[in-house]
Amino acid sequence: DTPAFFSYNTSSKVTVAGSIEDDSNIVSLKVNGQAVTTFDGEKFSHTLTLADGVHPVNVEAIDEFGNKMAITRRIFVDTTKPTIEAVKSSLPKTVSANAKNPVIKVNVGDNFDEVRVYLNGSEVFYKPISEPYAMLGYKQTIDIELPLVSGKNSFELKVVDLVGHEATQKFSVSKQGK
């Protein structure tokens, strides 16, 4: 039953649970080679501790006649928050009234390579996960244009990773009046 195929897990502790239906007695039930901790003859539960990454979860049952049944699901484990930081040298404090909107450099990073970047709640950058699925890591500097109006402009940069972890940075830029 759990975890679902290609599920996203934000904890290193992953509970594997389900049920086995067989007319004969089950003599061995393992999850990733470990004997399950709870099994009542039909329902089972076992908790794995997994590092960040893409992992196979293999459930293998053997009945009293030596018949094997197995199922494998791949899952994602990600306990690490992404990072986001506007490069200070590209971030003006004030711009003149007739200046174009500044384009700033923003450093984005995560242990998986799928990230979404938002500026004041609007998505401005998306990098989908690469195939084949693996924890490839991502570290990139991206350009973001800041839409300015006269006066103080407040901004929030937010990065969201594969499993929904977030990191934010707030700053402001002033544009002189005409």
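Tabulated data
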quantity: Solvent-accessible area per residue, Å², over the chain with all protein chains present [probe radius 1.4 Å]; calculated: 57
quantity: GNM flexibility winner over the chain from GLU156, GLU42, GLU123 (Cα, springs under 10 Å); calculated: GLU42
quantity: Förster-model FRET efficiency, 22 Å R0, GLU145 and THR80, C-beta, rounded to 0.05; calculated: 0.15
quantity: Separation between Cα centres of the stretch 24-65 and the stretch 81-96, rounded to whole Å; calculated: 49
quantity: Rg to Rh quotient for the chain, alpha carbon positions, Kirkwood Rh; calculated: 1.25
quantity: Exceeding the 31 Å Cα-Cα cut-off - candidates LYS68/LYS127; LYS81/LYS178; LYS13/LYS105; LYS127/LYS178; LYS88/LYS127; calculated: LYS68/LYS127; LYS81/LYS178; LYS13/LYS105; LYS127/LYS178
quantity: Top positive-direction residue, dipole computed over the chain with Cβ charges, set SER172, VAL14, ILE62; calculated: SER172
quantity: Computed accessible area, PHE39, all protein chains, 1.4 angstrom probe, square angstrom; calculated: 70
quantity: Rounded accessible area of ILE26 (nearest 10 Å², 1.4 Å probe); calculated: 30
quantity: The chain - charge dipole about Cα centre, Lys and Arg +1 at Cβ, Asp and Glu -1, debye rounded to 20; calculated: 1720
quantity: Rounded to 5, percent antiparallel among DSSP beta bridges of the stretch 1-88; calculated: 95
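The values are calculated or read from the model by the stated rules, or taken from the named source; none is laboratory data. This structure is a prediction, so every number in the text was calculated from the model and none was measured. Don't worry about glycine lacking a Cβ; one is built from the backbone with ideal geometry, like all the others, and counts go over all protein chains shown. In case anyone asks, the SASA skips ligands and DNA or RNA and just uses the protein heavy atoms, side chains included. Shrake-Rupley method; radii C 1.70, N 1.55, O 1.52, S 1.80 Å.
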